[in-house]
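Heads up: the structure comes next, in structure tokens.
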Amino acid sequence: MPTFDTDRTSPAEIDRAAAILRAGGLVAFPTETVYGLGGRALDPAALARIFAAKGRPTTHPLIAHVLDAEDAARLAARWSRVASRLAEAFWPGPLTLVVPRAAHVPLELTGGGDSVGVRAPSHPVARALLEALGDAIAAPSANRYQTLSPTTAAHVAASLGDRVDLILDGGPCSAGIESTVVDLCGDAPRILRPGAVDLAALLAVEPTVVERPHQSLGPTEQRASPGMDRRHYAPRTPLVVLSGRAAVLEEARRRARGGERVALLLVEALVERDLSSNARASEGPEVVVRALGAEPAAYARQLFAALHELDASGLDVILAEEVPDTVPWRAVADRLRRAGAELPR
Ligand code: TXA
Ligand code: MG
């Protein structure tokens, strides 16, 4: 039965969580990116429980959370200089490094592959839990497969309910978007998933990092990077990404006229000019407007919370304004694109 500590997490609560993990149970915990669904990384039975609770295919690898580079290196067959440099610069923090797997790391963690994703989170509750357990914690985002990532304890409870033994409440996540995943197993470090650390920041530390945009993935490559399905991070409400504010307002007007209940997900707030130049965006009370922020970090922090909220409002459609096609917006653009993808038929 999930419980919450409304005063945020006490030391006693952390000890209880560590005991649950030691016994093979599952604990959801906050990180600076999103909440994670944790189980002991080296315990195949706990890993099986994580996959079952999420409803996620067992071929999708999980990230092992550790305190520092030293603990990460223990899970790796090889810990390169690039790994050291990136860990030194970004840990603790929202960067996941994919490195060759050490022999004792279970294949259940790696999705059957020979690499393992490792990350040292910075959230104090996550770190306290890692310290209390004294061992690596496997944790995907604490949501059912292909649904919205959780950025509050309440999101976790709504998605996983009794499938998790305990939920630690650390408040809303500060980054609000998942870690950047960088593959260090090939010739050059490659971004597998854009996230809270952007390409420019990575390049400043490691000039050899290359971006691999999702669109360039062929079907074979997609299989080589499991867990990167096109539909992911998706609300139940259909979400359509439209290019340009005028297009968003035009579509909103059309749909509202047709009786649909519409939400607008915007970068910046509507101004008088938008309303007058497009007649009225909202013909009637059924247009909900959310402006998430002109800075990518602010937008990212609020994105999943806004989608959770809009999803719960029984709307017919969410019309999202396309974000700028620039490096700092890559992770947000990626999540919006996936949120808008059609379910495979
Ligand atoms: O911010 C985060 O990364 C959050 C928090 C809880 O740490 N975790 C998270 O986990 O987002 P998950 O399982 O939802 O996403 C993990 C991503 C997937 O895209 C997966 O394919 C990739 O990391 N990944 C993990 N290990 C990998 C590996 N060995 N090879 C390739 N990709 C890997
Ligand atoms: Mg996830």
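For Val118, state whether it is under 26 Å from Leu203 (Cβ atoms), open to solvent by 20 Å² or more (accessible area, probe 1.4 Å), touching a residue at least 40 places away in the same chain (Cβ under 8 Å) and away from ligand 2 (no atom under 16 Å from the Cβ).
Taking the combined requirement at face value, the residue does not satisfy it.
Go through segment 189-225 and count every residue that is at pLDDT 95 or above and either more than 16 Å from ligand 1 (Cβ to nearest atom) or surrounded by fewer than 19 Cβ atoms within 10 Å (Cβ to Cβ) (or both). Step through it out loud before you land on a result.
Within segment 189-225, the subset at pLDDT 95 or above is 189-210.
Imposing the further condition that a residue be either more than 16 Å from ligand 1 (Cβ to nearest atom) or surrounded by fewer than 19 Cβ atoms within 10 Å (Cβ to Cβ) (or both) reduces the set to 190, 199-201, 203-208, 210.
Of the residues in that region, 11 qualify.
The conditions are (1) surrounded by fewer than 16 Cβ atoms within 10 Å (Cβ to Cβ); (2) in contact with a Gly (Cβ under 7 Å, 6 or more places away or on another chain); (3) without any contact (Cβ under 8 Å) to a residue 40 or more places away in the chain, and Glu70 fails exactly one of them. Which is it?
(2)
If Thr59 passes every condition in (1) open to solvent by less than 30 Å² (accessible area, probe 1.4 Å); (2) under 22 Å from Ala48 (Cα atoms) but one, which one does it miss?
So the condition that Thr59 fails would be (1).
Do we find a residue being at pLDDT 95 or above and closer than 19 Å to Arg16 by Cα anywhere in segment 99-108? Lay out the reasoning, then the answer.
Taking segment 99-108 first, the residues at pLDDT 95 or above are 99-108.
Cutting the leftovers down to closer than 19 Å to Arg16 by Cα gives us none.
Among the residues of segment 99-108, not one is at pLDDT 95 or above and closer than 19 Å to Arg16 by Cα, which makes the answer no.
Within segment 74-101, can you find the residues that are surrounded by fewer than 16 Cβ atoms within 10 Å (Cβ to Cβ) and among the charged types (D, E, K, R)?
Within segment 74-101, Arg74, Arg78, Arg81, Arg85, Glu88 qualify.
For Met228, all conditions in the list (1) assigned to a loop (DSSP other than H, G, I, E, B); (2) open to solvent by less than 40 Å² (accessible area, probe 1.4 Å); (3) modelled with pLDDT of 95 or more; (4) on the phi < 0 side of the Ramachandran plot hold save one; what is the number of the exception?
Among (1) assigned to a loop (DSSP other than H, G, I, E, B); (2) open to solvent by less than 40 Å² (accessible area, probe 1.4 Å); (3) modelled with pLDDT of 95 or more; (4) on the phi < 0 side of the Ramachandran plot, Met228 violates only (3).
Tell me, please, whether a residue that is open to solvent by less than 20 Å² (accessible area, probe 1.4 Å) and among the acidic types (Asp, Glu) can be found in segment 6-20.
First, pick out the residues of segment 6-20 that are open to solvent by less than 20 Å² (accessible area, probe 1.4 Å): 14, 17-18.
So of that shortlist, the ones also among the acidic types (Asp, Glu) come out as none.
Within segment 6-20, not a single residue is open to solvent by less than 20 Å² (accessible area, probe 1.4 Å) and among the acidic types (Asp, Glu).
Taking segment 293-320 as the search range and keeping residues that are touching an Asp or Glu at 6+ places or on another chain (Cβ under 9 Å) and under 26 Å from Val181 (Cα atoms), which one is modelled with the highest pLDDT?
Of segment 293-320, the ones touching an Asp or Glu at 6+ places or on another chain (Cβ under 9 Å) are 293-294, 296, 315-319.
Narrowing further to those that are under 26 Å from Val181 (Cα atoms): 293-294, 296.
On the way: Gly293: 94, Ala294: 94, Pro296: 97.
Filtering first and then ranking leaves Pro296.
The values are calculated or read from the model by the stated rules, or taken from the named source; none is laboratory data. None of these values were measured; they are calculated from a predicted model. As a convention, Cβ positions derive from the backbone with ideal geometry for all residues, glycine included, and neighbour counts pool all protein chains shown. Accessible surface areas use protein heavy atoms only, side chains included; no ligands, DNA or RNA. Shrake-Rupley method; radii C 1.70, N 1.55, O 1.52, S 1.80 Å.
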